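Okay, so here's the structure we're looking at.
The values are calculated or read from the model by the stated rules, or taken from the named source; none is laboratory data. What you see is a predicted model, and the numbers here were worked out from it, not measured in a lab. In this analysis, Cβ positions are derived from the backbone assuming ideal geometry, glycine residues included, and neighbour counts consider all displayed protein chains. Accessible surface areas use protein heavy atoms only, side chains included; no ligands, DNA or RNA. Shrake-Rupley method; radii C 1.70, N 1.55, O 1.52, S 1.80 Å.
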Amino acid sequence: MQIGMLKLAGMRDEHCAAKLVQALKAVKGVEDAQVSFGQSKATVSFDESLVSTQRLQVAVEDAGYHIAKPVHGEDGACCGGCGG
């Protein structure tokens, strides 16, 4: 099992978070999903042999929400979210 974290955008309330949990758990290979509206993030436990993080992102987008773009520091250093 792998645990991944996705930064989210577009949620308006706890109902949105619940909808995203449902969408992520519906993906084959996802064992558990928790979404924090307050932190705008999803934590997902999944079997990496059955599902990729890209597939999880598609599930988020199909549910009507977005993955937040990484934010770089003022010094230009990467935040770690994009690998650049």
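Taking the range 44-63 on its own, how many of its residues are open to solvent by less than 50 Å² (accessible area, probe 1.4 Å) and assigned to a loop (DSSP other than H, G, I, E, B)? Step through it out loud before you land on a result.
Applying the first criterion (open to solvent by less than 50 Å² (accessible area, probe 1.4 Å)) to the range 44-63 yields 44-47, 51, 56, 59-60, 63.
From the residues that got through so far, the ones that are assigned to a loop (DSSP other than H, G, I, E, B) too are 47, 51, 63.
Residues flagged as open to solvent by less than 50 Å² (accessible area, probe 1.4 Å) and assigned to a loop (DSSP other than H, G, I, E, B) within the range 44-63 amount to 3.
Counting only residues that are in contact with a strand residue (DSSP E or B) (Cβ under 7 Å, 6 or more places away or on another chain) and part of a helix (DSSP H, G or I), which one in the range 9-23 is surrounded by the most Cβ atoms within 10 Å (Cβ to Cβ)? Quick ask: steps written out before the conclusion?
First, the residues of the range 9-23 that are in contact with a strand residue (DSSP E or B) (Cβ under 7 Å, 6 or more places away or on another chain): 9-10, 17, 20-21.
Checking which are part of a helix (DSSP H, G or I) leaves us with 17, 20-21.
Details: Ala17: 22, Leu20: 24, Val21: 17.
So, considering only residues that are in contact with a strand residue (DSSP E or B) (Cβ under 7 Å, 6 or more places away or on another chain) and part of a helix (DSSP H, G or I), the one surrounded by the most Cβ atoms within 10 Å (Cβ to Cβ) is Leu20.
Show the residue pairs meeting these rules: Cβ distance below 8 Å; 6+ apart or different chains; first residue within the range 1-12 and without any contact (Cβ under 8 Å) to a residue 40 or more places away in the chain; second residue surrounded by 11 or more Cβ atoms within 10 Å (Cβ to Cβ) and in a strand (DSSP E or B).
Met5/Lys41; Met5/Ala42; Met5/Thr43; Met5/Val44
Take the range 49-65 and flag every residue that is in contact (Cβ under 8 Å) with a residue 40 or more places away in the chain and more than 14 Å from Lys25 (Cα to Cα). Even if it seems obvious, please write down each step before you answer.
The initial filter retains those residues of the range 49-65 that are in contact (Cβ under 8 Å) with a residue 40 or more places away in the chain, namely 53, 56-57, 60, 63-65.
Those that are in contact (Cβ under 8 Å) with a residue 40 or more places away in the chain and more than 14 Å from Lys25 (Cα to Cα): Gly64, Tyr65.
For (1) part of a loop (DSSP other than H, G, I, E, B); (2) modelled with pLDDT under 95, each residue gets a yes or a no:
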position: Lys7; (1), (2): no, yes
position: Val27; (1), (2): yes, no
position: Ala42; (1), (2): no, yes
position: His72; (1), (2): yes, yes
position: Cys78; (1), (2): yes, yes
